[in-house]
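The structure appears right after this line, and notes come after that.
The values are calculated or read from the model by the stated rules, or taken from the named source; none is laboratory data. All values derive from a computational prediction rather than experimental measurement. Please note: Cβ atoms are built from the backbone with ideal geometry, for glycine as well, and neighbour counts cover all protein chains shown.
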């Protein structure tokens, strides 16, 4: 009788071990686990993770400027959260109907699954776990994009969060009527942009660069200029990616143009 009990106990323990190995996801969450309206599921599911998901903020961040993303530009997205024990995540930028918005490029320690999800390739056990990947912004006119993310700390704690990236406003900006005389190249640019302007007089000019929110990011004053065509170079290497308004003034006459940094 004792022998039968020992065999039964061994079988039960072995069964639990097999269940754990099949249901835990140390090398990535299964597709469709972000908690988005279309996914309808998170890491919290039978046999996988326990504890109803708790909504949290501050988990997802990016280098997308406050003025919004530039269509086609590439940005860094970071998922970071703290806790005790093994940690994993899944995230996806989706429309409410589940369509992938933009495209994804996996980074170190993460992978793409199901074509539209980024998830861990191995759990992290440090006090604060961090993963980064790249997102290529979608076409112009897409509008605000929501990243849906679900996280797990051990098998007993699950969280959900969202992050919204707004599209940069590139339409509806009233430029000065003299903007036909001002051009910028290349546009979009990376670090430095050239400015060409046709002037009516040989007198100094001033140049300003503003965000769409009106924040001044660059200014130059008393730049020598001649009558006719002039060229100037502006270094904006420290400016964030986004849409800016370039203004050039000479003797009270204002020239404006819209520029984009990738």
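Looking at this structure, is residue 57 modelled with pLDDT of 90 or more, part of a loop (DSSP other than H, G, I, E, B) and closer than 30 Å to residue 211 by Cβ?
Taking the combined requirement at face value, the residue satisfies it.
Considering every residue within region 155-176, establish whether at least one is under 16 Å from residue 27 (Cβ atoms), modelled with pLDDT under 95 and either assigned by TED's automatic domain parsing to the domain that holds residue 52 or not in a loop (DSSP other than H, G, I, E, B) (or both).
Yes, region 155-176 contains a residue that is under 16 Å from residue 27 (Cβ atoms), modelled with pLDDT under 95 and either assigned by TED's automatic domain parsing to the domain that holds residue 52 or not in a loop (DSSP other than H, G, I, E, B) (or both).
Considering only strands (runs of 3 or more DSSP E) fully contained in region 179-262, which possess at least 1 residues that are surrounded by 11 or more Cβ atoms within 10 Å (Cβ to Cβ) and in contact (Cβ under 8 Å) with a residue 60 or more places away in the chain?
Where strands (runs of 3 or more DSSP E) fall fully within region 179-262 and carry at least 1 residues being surrounded by 11 or more Cβ atoms within 10 Å (Cβ to Cβ) and in contact (Cβ under 8 Å) with a residue 60 or more places away in the chain, they are 182-185, 192-199, 205-211, 242-250, 253-261.
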